[in-house]
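Input: a single structure, listed below in structure tokens.
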Amino acid sequence: SVYSYKFDSHTSFDSQFTNQLSSFIEQITANADLRRKRVVLLDDGGSLLRTAKDYSFENVCGVEQTSSGYSRVKNDVSFPIVNVARSKTKLTVETPFIVECFLENLENYLTDNRLSPKRGLILGGGPIGKEVQKQADFETYIFDTDQEKNTLYNTELHKALIDFDIIIGASGNTSLPEKDHKYLRKGTVLTSISSSDREFDAVHLRRKSAKTSN
């Protein structure tokens with residue numbers, strides 16, 4: 001069966017998703033026979049695994065597909081989790097493919113809106129962020145809380161933001177919270193390659209427009 005719900009653009013995706021996951025799992029666990037069977041929870045971001053820990057599956061294993069998701073749950077659940085995100089195949093084959101698709105879609109968006117950014121800032125210096133820098137056809141710099149990953153040395157993020165006309169969120173977390181939006185240059189393009197809308201606290205931006213379910 002397929003579980004679905006109506007999205008509210010004026011509420012954060014993460015909070016809605018987490019609430020709906022509880023309903024989703026309650027629907028599954030209503031079947032007592034299923035609870036006694038071997039269950040594999042395939043997750044993309046860690047939310048399903050974190051929610052499932054509060055429910056009684058007798059024989060369960062998790063599979064997490066993202067690095068940020070695995071970091072959130074690795075010390076928070078009692079059942080085994082397979083960390084697919086760090087597999088060699090995912091890093092060497094899937095990461096370049098994801099970034100290629102991302103940059104192709106970004107280029108189409110920029111072209112359609114007659115935008116031509118010259119200088120980009122990548123927030124997040126993990127495998128995805130580094131691959132974006134490798135493939136991007138415009139000048140890019142990486143900013144990461146891990147100083148060893150930085151190519152923007154000795155610069156505070158607030159002071160750096162004004163120098164870029166495109167910001168790429170690749171951290172898997174909230175890399176630019178709403179309180180920091182005031183430091184952005186007017187007309188800056190915000191684009192995320194994360195698996196959720198959390199990179200830029202996007203709900204605060206969506207609330208400036210009419211509510212939608214898209």
Quiz item: Counting only residues that are open to solvent by 60 Å² or more (accessible area, probe 1.4 Å) and within 16 Å of the chain's Cα centre (by Cα), how many does segment 31-49 have?
Solution: 1
Exercise. Return the total of residues in segment 12-27 being more than 12 Å from Leu49 (Cα to Cα) and in a helix (DSSP H, G or I).
Key: 11
Exercise. Determine which single condition Ile28 fails, assuming it passes every other condition in (1) modelled with pLDDT of 90 or more; (2) more than 24 Å from the chain's Cα centre (by Cα).
Key: (1)
Quiz item: Counting just the residues of segment 112-133 that are open to solvent by 20 Å² or more (accessible area, probe 1.4 Å) and of a type in the set (A, V, I, L, M, F, W, C), which one comes out nearest to Thr174 (Cα to Cα)?
Solution: Ile128
Quiz prompt | Residues of segment 185-200 classified as assigned to a loop (DSSP other than H, G, I, E, B) and without any contact (Cβ under 8 Å) to a residue 60 or more places away in the chain, total | solution = 5
Quiz item: Considering only residues of segment 78-104 that are open to solvent by 70 Å² or more (accessible area, probe 1.4 Å) and of a type outside the set (D, E, K, R), which is nearest to Leu190 (Cα to Cα)?
Solution: Phe97
Self-check item: Filtered residues of segment 56-77 (kept if surrounded by 16 or more Cβ atoms within 10 Å (Cβ to Cβ), more than 20 Å from Ser171 (Cα to Cα) and among the small types (Gly, Ala, Ser))
Solution: Gly62
Exercise. Please go through segment 183-204 and pick out each residue that is under 15 Å from Asp14 (Cα atoms) and not hydroxyl-bearing (Ser, Thr, Tyr).
Key: Asp197, Arg198, Glu199, Phe200, Asp201, Ala202, Val203, His204
Quiz item: Within segment 161-175, which residues are surrounded by fewer than 23 Cβ atoms within 10 Å (Cβ to Cβ), under 17 Å from the mean Cα position of the chain (by Cα) and touching a residue at least 40 places away in the same chain (Cβ under 8 Å)?
Solution: Asn173
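The values are calculated or read from the model by the stated rules, or taken from the named source; none is laboratory data. Everything numeric here is computed off the predicted structure, so don't read it as measured data. A quick note on method: Cβ atoms are made from the backbone with ideal geometry, for glycine too, and the neighbour counts reach across all protein chains shown. Heads up: the accessible areas ignore ligands, DNA and RNA and are worked out on the full protein's heavy atoms, side chains in. Shrake-Rupley method; radii C 1.70, N 1.55, O 1.52, S 1.80 Å.
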